[in-house]
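Student: The structure is given below, and queries will be raised subsequently.
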Amino acid sequence: MLLIILKSLYFFLPAYFANMAPVLLRWIPILEKPVNEELFGKNKTWRGILVAIIIGSFVFSIQKILYAVGFQTLSLINYNDFSPLLGLLLGLGAILGDMIKSYYKRKHQIKAGKPWLFWDQIDFVLGGLILSLLIYVPPPEVVLIILVFSPLLHLLVNYIGYLLKIRDVKY
């Protein structure tokens with residue numbers, strides 16, 4: 001059971017890193033313009049979309065290289081059968097899921113940066129899974145594992161970011 005959990009989480013690494021990329025790389029002084037402040041808030045920028053896509057593709061490419069040199073223990077898929085497009089879709093899906101959630105936060109008059117528990121932890125997961133379905137349909141148990149463990153990991157990573165003064169809130 002532990003191995004399938006680890007394989008599932010390893011498979012979803014491009015989405016995890018893509019979700020973190022806009023916060024970690026906000027210091028990059030390009031494309032800082034919000035996509036649409038009224039619809040998504042001021043924190044959803046063109047830079048965030050771009051770095052999420054690049055990081056998702058990059059992480060997948062690293063996984064593909066690792067697979068080719070023999071690191072296959074944690075591989076859910078045969079990375080030789082897929083292009084970095086799968087990583088791009090995981091990354092793009094993660095950031096689009098986050099943007100869709102931000103849109104609904106605005107519709108519910110929840111201010112940017114304010115918590116919306118459950119949705120803040122699952123938005124990028126749903127987006128990443130949905131877009132990745134265009135290329136790869138994971139087994140149901142993998143989807144379930146990703147849906148259950150990702151929110152817990154999200155909370156843990158955000159808390160660590162808070163302790164490191166990267167994030168303003170603990171969740």
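No lab work stands behind these numbers, since they all come straight from the coordinates. Model, not experiment: these values are computed from the prediction. Here the Cβ positions follow ideal geometry from the backbone for every residue, glycine too, while neighbour counts run over all protein chains shown.
Student: Rounded to two decimals, what is the ratio between the C-alpha radius of gyration of segment 1-49 and 2.2 N^0.38 Å?
Tutor: Numbers: Rg = 15.0 Å, N = 49, 2.2 N^0.38 = 9.7 Å.
In units of the 2.2 N^0.38 Å rule of thumb, it is 1.55.
Student: Full extension from residue 156 to residue 109: what is 0.36 nm times the residue separation minus their Cα-Cα distance, to one decimal in nm?
Tutor: On the way: separation 47, 0.36 × 47 = 16.92 nm, distance 2.64 nm.
Gain on stretching residue 156 to residue 109: 14.3 nm.
Student: Here's something else I'd like to know. If you wrap a convex hull around the C-alpha atoms of segment 1-94 and split its volume per residue, what is the figure in Å³? Spell out each step's value before the answer.
Tutor: On the way: hull volume 9.5 nm³, N = 94.
So the per-residue Cα hull volume is 101 Å³.
Student: Could I ask something else about it? What would the Debye equation give as log₁₀ I(q)/I(0) for segment 112-162 at q = 0.24 Å⁻¹, counting only Cα atoms as equal point scatterers?
Tutor: Values, matching the q order: -0.94.
Student: Under 1.5 on a/c is rounded, so check that first for segment 75-130, then, if it is not, pick prolate when a/b is larger than b/c and oblate when it is not; a ≥ b ≥ c are the square roots of the alpha carbon gyration tensor eigenvalues. Spell out each step's value before the answer.
Tutor: Numbers: a/c = 4.38, a/b = 2.89, b/c = 1.51.
Because a/c hits 1.5 or more and a/b exceeds b/c, segment 75-130 counts as prolate.
Student: Mind listing the long-range amide H neighbours of residue 45? Cut-off is under 5 Å, sequence gap 5 or more, other chains count too, H placed in the peptide plane at 1.01 Å from N.
Tutor: The answer is 35.
Student: Given a cut-off of under 8 Å on Cα pairs at least six residues apart, what relative contact order in percent is computed for the chain? Could the numbers behind the result be given before it?
Tutor: On the way: 256 pairs, mean separation 41.2, N = 171.
After rounding, I find 24 percent.
Student: A further question follows. How compact and how long is the chain, expressed as Rg and Dmax of its alpha-carbon atoms in Å?
Tutor: 15.8, 50
Student: Report the residues of segment 73-97 in range of a label on residue 61: point 7 Å along Cα→C-beta, backbone N strictly under 18 Å from it.
Tutor: Correct set: 79-93.
Student: Next question. When the chain is fully extended, how far beyond the present Cα-Cα distance does residue 149 get from residue 36, taking 0.36 nm per residue of separation? Can you show the working numbers first?
Tutor: Details: separation 113, 0.36 × 113 = 40.68 nm, distance 3.11 nm.
Difference between extended and current length: 37.6 nm.
Student: Between residue 136 and residue 73, how many nm apart are label points set 7 Å from Cα along the C-beta direction?
Tutor: 1.9 nm
Student: Here is a further query. Would you compute, from DSSP H runs of 4+ residues alone, the mean residue ellipticity of the chain at 222 nm, taking -39500 (n - 2.57) per run and dividing by the full residue count, rounded to the nearest 500?
Tutor: Details: 7 runs with 110 residues, N = 171.
Computed mean residue ellipticity for the chain: -21500 deg cm²/dmol.
Student: Of 74, 11, 102, whose Cα points farthest to the positive end of the dipole of segment 2-163 (charges on the beta-carbon: +1 Lys, Arg; -1 Asp, Glu; origin at the Cα centre)?
Tutor: Ranked along the dipole, the leading option is 102.
Student: So for segment 33-143, if I pair up every lysine 8 or more residues apart or on another chain, how many of those pairs have alpha-carbons under 29 Å apart?
Tutor: Pairs that pass both the separation and distance tests number 20.
Student: If you don't mind, another one. Taking θ as phi - 60°, what are the ³J(HN,Hα) couplings along segment 8-14 by the Karplus curve (6.51, -1.76, 1.60), each to the nearest whole Hz, with x for Gly and Pro?
Tutor: 5, 5, 5, 4, 8, 3, x
Student: Here's a follow-up. Hey, quick one: spin label on residue 54, modelled 7 Å out along Cα-Cβ, who in segment 4-33 has an amide N within reach, i.e. under 15 Å?
Tutor: So the set is 18-33.
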